[in-house]
1. Just to be sure, is residue 16 within 20 Å of residue 139 (Cα to Cα), open to solvent by 90 Å² or more (accessible area, probe 1.4 Å) and either in a loop (DSSP other than H, G, I, E, B) or touching a Ser or Thr at 6+ places or on another chain (Cβ under 9 Å) (or both)?
2. Scan the stretch 135-147 and tell me whether some residue there is in contact with a helix residue (DSSP H, G or I) (Cβ under 6 Å, 6 or more places away or on another chain) and basic (Lys, Arg).
3. Mind listing just one residue for me: the one in the stretch 121-169 that is among the β-branched types (Val, Ile, Thr) and open to solvent by 70 Å² or more (accessible area, probe 1.4 Å) and, of those, modelled with the lowest pLDDT?
4. Quickly run through the stretch 64-108 and pick out the residues that are open to solvent by less than 50 Å² (accessible area, probe 1.4 Å), modelled with pLDDT of 55 or more and over 25 Å from residue 133 (Cβ atoms).
5. Would you check if there is a residue in the stretch 122-142 being of a type in the set (A, V, I, L, M), more than 16 Å from residue 161 (Cα to Cα), without any contact (Cβ under 8 Å) to a residue 24 or more places away in the chain and part of a helix (DSSP H, G or I)?
6. Any residue in the stretch 23-38 that's farther than 18 Å from residue 112 by Cα: show its pairings with residues that are among the polar types (S, T, N, Q) and not in a helix (DSSP H, G or I) at Cβ separation under 9 Å, as long as the two are six or more apart or on different chains.
7. For residue 107, are the conditions met, namely being among the small types (Gly, Ala, Ser) and under 23 Å from residue 59 (Cβ atoms)?
8. Check the stretch 52-60 and report whether any residue there is within 13 Å of the chain's Cα centre (by Cα), not acidic (Asp, Glu) and not in a helix (DSSP H, G or I).
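The values are calculated or read from the model by the stated rules, or taken from the named source; none is laboratory data. None of the values given here were measured: they were computed from a predicted structure. Note: ideal-geometry Cβ built from the backbone for every residue, glycine included; neighbour counts use all protein chains shown. Just the protein is used for accessible areas: all its heavy atoms, side chains included, with ligands, DNA and RNA removed. Shrake-Rupley method; radii C 1.70, N 1.55, O 1.52, S 1.80 Å.
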Amino acid sequence: MKQADFVSLVMPFKDKVFRLAKRLLVSREEAEDATQEILLKLWNNKQKIGEYKNVEAFSMTMTKNFCLDRLKSKQAQNLKIVHSNYTDNNSSLQKQVEARDSMDWVSKIMEDLPEQQKIIVQLRDIEQYDFAEISKMLDMSETAIRVSLSRARKTIREKLTSTHGYGIK
């Protein structure tokens, strides 16, 4: 495989790899390092890349595994989940502050979710993968993914509702 072929194959999903890494590792620098590491691993195994049915799904799985390994390592003791991709330029300042505050609450709530639920919410709700693709990436049944996603969403909804309704009887 030539460099141009590799670039045309990998570039369309490079940003998705970064976003998943950022969701799991939080730090932009850590996510950039993880993305670079995944791309390097793909490049080093470029002869085998043709054997994979879906290179994008394979790289997302690699990213998930790499990030989880990083989080388990001793170097990653102070990493946490933060999501700051949301901006809306057409709303009033008050709505922007409220939206940012809600996103901060959702991020804090997501920190407490089990690792598997974090990954499923990221892949389904943020990256917009369908259940079949997530099933292949995580090696889980689609039913288990739907149940896990439902539980994660319910937890987020309940905690966010109780946060917004604090003090109201």
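1. For residue 16, the condition - within 20 Å of residue 139 (Cα to Cα), open to solvent by 90 Å² or more (accessible area, probe 1.4 Å) and either in a loop (DSSP other than H, G, I, E, B) or touching a Ser or Thr at 6+ places or on another chain (Cβ under 9 Å) (or both) - is not met.
2. yes
3. Ranking the candidates gives 168 first.
4. 73, 91, 99, 102, 103
5. Scanning the stretch 122-142, I find at least one residue that is of a type in the set (A, V, I, L, M), more than 16 Å from residue 161 (Cα to Cα), without any contact (Cβ under 8 Å) to a residue 24 or more places away in the chain and part of a helix (DSSP H, G or I), so the answer is yes.
6. 33/27
7. no
8. Checked against the condition, which is being within 13 Å of the chain's Cα centre (by Cα), not acidic (Asp, Glu) and not in a helix (DSSP H, G or I), the stretch 52-60 yields no hits at all.
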